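**Student:** This structure is in structure tokens; I'll ask about it shortly.
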Amino acid sequence: MGYSAEVIKRAKARLAQEKLDRELENRQHLALAYEKVPRIRQIDRQLQQTMLEATRIAFTPGGNVVEAMEQAKQANLSLQEERARLAAQHFEEGFLDDGPICPRCGGEGYIGTSMCQCLQELCRQEQKKELTVLSGGQESFSQFRLDFYPDRIDPDLGVNIRAVMERTFQVCRKYAQNFSAKSGNLLFSGDTGLGKTFLSACIARTVADSGYSVVYETAGHLFAALERAKFGGSDDQRREVGKYTACDLLIVDDLGTEMPSQFVTSALYTLINDRILSGKATIISTNLNTEDLAERYNPQIASRLRGNFLRLAFLGDDIRVKKNWGL
Ligand SMILES: [Zn+2]
């Protein structure tokens, strides 16, 4: 999964902290057990001594190594059984298990060069936190209300508004539920207040829940961050914008509301192109139509959006939708 360096850094820090917490907890449990059941401390000492004794015999010339090891093993086995019995008697299950935080990687986060499931899960959670901050954390497909969209023909387009919105909704839901690296791109097109941001957030949450890295950003924020990183940004700022190209799904909200500039046009073209070439999915929402896009940016960008993005229309009466959704 294409998690950004920042998300991985936070996930690693959490894993390291959890590892420390676990080690501390193990020590505290042991101290408590020694205090409450002194026999457990005796057993632990005896276990250590039998091991030392066996090692000593093994290194003594002429000693019977095999027999000594066998004796030590038997002694240890019965001591361990007694220890387990005492633990079960006095403490809840698992209280004296002193295993690492993750049995697969021992709490290191990696097995060889591949990321362990435990660190992947923390990355997924960290990635999702970013989304929750940006979208308020409430949106779900089940809250989408088709009845907020009028069941009548749009006079300009000659199509039934609710029927168009039903298709838009179904496409979005399927896109989110079946998301994969090959899901392709969507262009949400329509006036403000018709549910573009809401459905973007639903998709973001569902896709992030499946373990993909999702970045959700308004166009204004996105271009400001890219500009800062390009012109005299710190290392952190430059690393931070890496997420826009690295993430599995990038959602750019409100394209066309940012301050227009030469930089914006060229950054937008590079971003769209890079993501298309690396086969990564992008969702762009805008209230501009294709001609507006060509005029505001350039014909190449408009052509990329036309040729590589599935366009979904958002129609309706924004005042009614806004009012009913309490926006
Ligand atoms: Zn692990």
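The values are calculated or read from the model by the stated rules, or taken from the named source; none is laboratory data. Since the model is a prediction, treat every value here as computed from it, not as a measurement. Glycine gets a Cβ as well: all are built from the backbone with ideal geometry, and neighbour counts include every protein chain shown.
**Student:** Here's a check for you: in region 146-158, which residue that is outside any helix (DSSP H, G or I) and surrounded by 12 or more Cβ atoms within 10 Å (Cβ to Cβ) is nearest to the ligand (Cβ to nearest atom)?
**Tutor:** Among them, the one singled out is Tyr149.
**Student:** Another question about this same structure. Which one is surrounded by the most Cβ atoms within 10 Å (Cβ to Cβ), of the residues in region 298-323 that are at pLDDT below 60 and of a type outside the set (Lys, Arg)?
**Tutor:** So the first thing to find is which residues in region 298-323 are at pLDDT below 60, and the list is 319-323.
Among the residues that remain, those that are also of a type outside the set (Lys, Arg) are: 319, 321.
Details: Ile319: 9, Val321: 21.
Among those that are at pLDDT below 60 and of a type outside the set (Lys, Arg), it is Val321.
**Student:** Every residue in region 97-132 that is within 10 Å of the ligand (Cβ to nearest atom) and closer than 30 Å to Leu32 by Cα, please.
**Tutor:** Pro100, Ile101, Cys102, Pro103, Arg104, Cys105, Gly106, Gly107, Glu108, Gly109, Cys118
**Student:** Now, a different point. Can you name every residue in region 165-187 that is closer than 14 Å to Ser210 by Cα and assigned to a helix (DSSP H, G or I)?
**Tutor:** Selection gives Arg173, Lys174, Tyr175, Ala176, Gln177.
**Student:** Please find, among Asp44, Asp21, the residue that is within 30 Å of Gly211 (Cβ to Cβ) and either within 16 Å of the ligand (Cβ to nearest atom) or part of a helix (DSSP H, G or I) (or both). Full working, then the answer.
**Tutor:** On the way: Asp44 fails: within 30 Å of Gly211 (Cβ to Cβ).
Sole residue among the options that is within 30 Å of Gly211 (Cβ to Cβ) and either within 16 Å of the ligand (Cβ to nearest atom) or part of a helix (DSSP H, G or I) (or both): Asp21.
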